[in-house]
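The values are calculated or read from the model by the stated rules, or taken from the named source; none is laboratory data. Just so it is clear, the structure is predicted and the values come from calculations on it, not from any experiment. Cβ sites come from the backbone with ideal geometry, for glycine too, and all protein chains shown count toward neighbours. All accessible areas refer to the heavy atoms of the entire protein, side chains included, with ligands and DNA or RNA removed. Shrake-Rupley method; radii C 1.70, N 1.55, O 1.52, S 1.80 Å.
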Amino acid sequence: MRARSIRFTILLSLFYCSLCADAFAQLTKLNVGYVGVTSDNAAAYIARDTGIYARNGLDVQLIYFNSGTTAVTALITGETPISQTAGPGVINATMNGSDTVMIAGGNVTLDYWMLSRPEIKTPEQLKGGAVAISRFGSASDFIVRYALQRLGLTPVKDVAILQVGSLTERLAAMETKRVQATVLAPPAMYQAQTRGFNILADIAALGLPYQATGVATTRRFIRERTDVVRRYIKAHIEAVHRFKTDRDTSIKVLAKALALSDKQLLERTYDGAIVEHKLPAKQYPTLEGLKTILASDPKAKGAKAEDFVDLRFIKELDDSGYIDKLYKR
């Protein structure tokens, strides 16, 4: 009897183990938004194409948005409960009563150029013209206003700001003379340069701390699906590591994601994307970068950068030594 009881217990344990294995084998479906076809979203492309999401139990569908404003709207509605987006959209949404929050830093500097049409060679010549952005309240809106001021121009008064859309749409608007300038990220800014457009300002060279494309979600989703968020951030950290350390694979992934075949352009885009001051191994959102955005908004007076972040998931991986171990392999 005792032997039969032991065998039954073993069989029951194996049965439960098999159930757990089946549950783990069923990946959690997750819609993730991203903004722009740029190297800023490299971690998401890498995690998808190299199986990093799947190894962390996630079946991720990446959904494209042409501006941070629309991406954050989808984040709030739950269409994409996690999104690759920049600080301005998250701050604007939170200031308007939502519970959006940055959970990973992604890119923590502005890797943009302001480019103008060939006949516009100086900032003074831009007066009376128009500059293209994606949407008001987006990262491109902030960058344009900041760059114009640094160039000695008054936004709206000296230069009109037009909502045009994605990087591709903004470049097309400049080519067709609908606007005289715009701000572009890699690889679009390199493509524009080869087509004869002038660099009016290298925004990255201005040294402004800024929360560019990172990972955002809502506090509600964190409460309801903490484990999913934790697995997503782990996958994100692993993808950043793979991107920074596996050049050949990363360039292949970028070629597919960005629809690029120009080897020199791909290498230039990759080399610019992996630098530590732009894409840090320890993916904390940049509080200084969020302060930069808050300082530009009179409505945000008194708001603290800490109100717009949740650092726990990055901190867990950092404190455990996991991130350091990745880079010591």
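Observations on the model:
- Whenever a residue of segment 98-125 is part of a loop (DSSP other than H, G, I, E, B), its partners that are hydroxyl-bearing (S, T, Y), lying with C-beta atoms within less than 6 angstrom and at least six residues away or across chains, give the pairs D99/T218; G105/Y284; G105/T286; G106/T213; N107/T213; V108/T286; L110/Y210.
- The one condition in (1) among the β-branched types (V, I, T); (2) open to solvent by 10 Å² or more (accessible area, probe 1.4 Å); (3) more than 19 Å from L27 (Cβ to Cβ) that I203 fails to fulfil: (2)
- Conditions (1) at pLDDT 95 or above; (2) in contact with a helix residue (DSSP H, G or I) (Cβ under 6 Å, 6 or more places away or on another chain); (3) within 26 Å of L287 (Cβ to Cβ); (4) among the hydrophobic types (A, V, I, L, M, F, W, C): number failed by V60: (3)
- The single residue among T217, T182, T168 that is surrounded by 24 or more Cβ atoms within 10 Å (Cβ to Cβ), within 18 Å of the chain's Cα centre (by Cα) and under 22 Å from G89 (Cβ atoms) turns out to be T217.
- Restricting the first member to segment 256-270 and to residues that are among the hydroxyl-bearing types (S, T, Y), and the second to residues that are at pLDDT 95 or above and open to solvent by 60 Å² or more (accessible area, probe 1.4 Å), the beta-carbon pairs closer than 7 Å and six or more apart or on different chains are Y270/R247.
- Spans of helices (runs of 4 or more DSSP H) in segment 179-257 with at least 1 residues closer than 18 Å to V60 by Cα: 219-224, 226-245
- Candidates A43, A54: the one that is over 24 Å from K304 (Cβ atoms), hydrophobic (A, V, I, L, M, F, W, C), in contact with a helix residue (DSSP H, G or I) (Cβ under 6 Å, 6 or more places away or on another chain) and part of a helix (DSSP H, G or I) is A43.
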